[in-house]
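Read-outs throughout are calculated quantities, based only on the coordinates presented, and are distinct from any laboratory measurement. Only a predicted model underlies this, so the values are computations on that prediction, with no experimental measurement involved. Methodologically, a virtual Cβ is constructed for each residue, glycine included, from the backbone with ideal geometry; neighbour enumeration extends over all protein chains shown.
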Amino acid sequence: MRTLSDMHAVALAATDGMLSFELTIASEVFGEDPRYDFAVCGSGPVRVGRFLLDPDDGLDRLARAGTVLVPGWADVDADPPPDLIEAVRAAHAAGARVASLCTGAFVLAAAGLLDGLRATTHWAHTGVLAARFPRVTVDPDVLYVDNGSVLTSAGKAAAMDLCLHLVRADHGPAAANAVARRLVVPPHRAGGQAQYVSAPVPARDDHPLAELLPWITARLDQPLTVEDLARQAKVSTRHLTRHFHAATGTTPLQWLLVQRIRRAQELLERTDSGIDTIAAAVGMGTATTLRRHFNRTVGVPPDTYRRTFRG
């Protein structure tokens, strides 16, 4: 077991195709902090977007670091480079704390570091991660997961949440707050990825519900039942349920609830309407009902969501 002082050496594992946003976040948090010895490590010059990056050291340095960061990379359908997988696996075996930023979770999973563990990644790729690595318990509704020596974060800005969490774990809340203040970001965000995921809507215009779904979204303020929807679609409730699952992956009432929540999010973001008014506008009836469903679905109360997104 490494001591905390050893963890001050932070190595970022760089490879062609990695995402520049996560690289920048890691550099800003750890590269500008004198408490950390930060280095970008790769097997050679690395292509990052339109830029060519010359790493500070080779991938073998990962095994000598206390913390290894694996940033996201663009092509999640391709297998990670074997030398990167081996270097990450060797670093973990040597006792390093290994953290992935965004789709870097695919590298950790390929290295076997997530087997039997809970993990997350960008919400758009959680299904792919779960399908490709069935031994990993993928949680699509959180900003990051801390398993001790292995950590994963959700997409983009959640990489900042995880980096601040690492600083907080190393040096305490005051240190993390100071870094957040320097970067002008919140030191801790409530809720999870559910705040940022769009409601499921079929991509095709020729599906059996093509006319029904707009009809529903235009009447979210009205009480609607499965029978009402089936009558409008001129099908039985059984056929309606089957069509809904095929087109949206969920049930009619669950889809309707998500649409109501999504409309409530829009009203919270764009208007000054009170919670009671918004509850009526989205068919929830009362502020109590809206708060209950909103908190359960999004992960934070409506008032917290408004403060976060009205800025």
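Annotations
- For residue 151, distant residues with modelled amide H under 5 Å away: 98, 99, 100
- Nearest-0.05 FRET efficiency for residue 35 and residue 94, computed from C-beta distance (R0 25 Å): 0.70
- Across the chain, Cα pairs under 8 Å and at least six residues apart give a relative contact order of 11 percent.
- Efficiency of FRET between residue 174 and residue 56 - r from beta-carbon atoms, R0 35 angstrom, step 0.05: 0.75
- Additional length obtainable on full extension of the chain from residue 156 to residue 232, 0.36 nm per residue less Cα span: 23.3 nm
- Other-chain or far-sequence residues with amide H under 5 Å of residue 138's (modelled H): 119
- Sites residue 146 and residue 218 - FRET efficiency at Förster radius 41 Å, r taken between beta-carbons, to 0.05: 0.40
- Oblate is the label for segment 1-134. Its Cα gyration tensor axes, ordered a ≥ b ≥ c, give a/c of at least 1.5 and b/c at or above a/b.
- Taking a ≥ b ≥ c as the square roots of the eigenvalues of the alpha-carbon gyration tensor, segment 82-185 is classed oblate because a/c is 1.5 or more while a/b is no larger than b/c.
- Segment 212-309 - percent relative contact order, Cα under 8 Å, separation 6 or more: 24 percent
- In a fully extended conformation the segment linking residue 184 and residue 118 would gain 20.8 nm over its present Cα-Cα distance, using 0.36 nm per residue.
- Full-stretch length increase - residue 269, residue 75 - with 0.36 nm per residue and alpha-carbon distance subtracted: 66.6 nm
- Bridge orientation summary for the chain: considering DSSP beta bridges with both residues in this region, about 30 percent are antiparallel.
- Dipole of segment 77-168, positive end: most advanced residue of 100, 166, 123 [Cβ charges, Cα centre]: 166
- Of the residues 278, 258, 247, the one whose Cα sits farthest toward the positive end of the charge dipole of segment 241-311, with +1 on the Cβ of Lys and Arg and -1 on the Cβ of Asp and Glu, is 247.
- Within the listed set 231, 291, 64, the residue fluctuating most in the Gaussian network model of the chain (springs between alpha-carbon atoms under 10 angstrom) is 231.
- Helix 252-270 axis, angle to the chain major axis (alpha carbon atoms, nearest 10°): 70 degrees
- Put a plus charge on the Cβ of each Lys and Arg, a minus charge on the Cβ of each Asp and Glu, and nothing anywhere else: the dipole of the chain about its Cα centre is then about 1100 debye.
- Close amide H contacts of residue 16 (hydrogens built in the peptide plane, cut-off under 5 Å, sequence separation of 5 or more or a different chain): 47.
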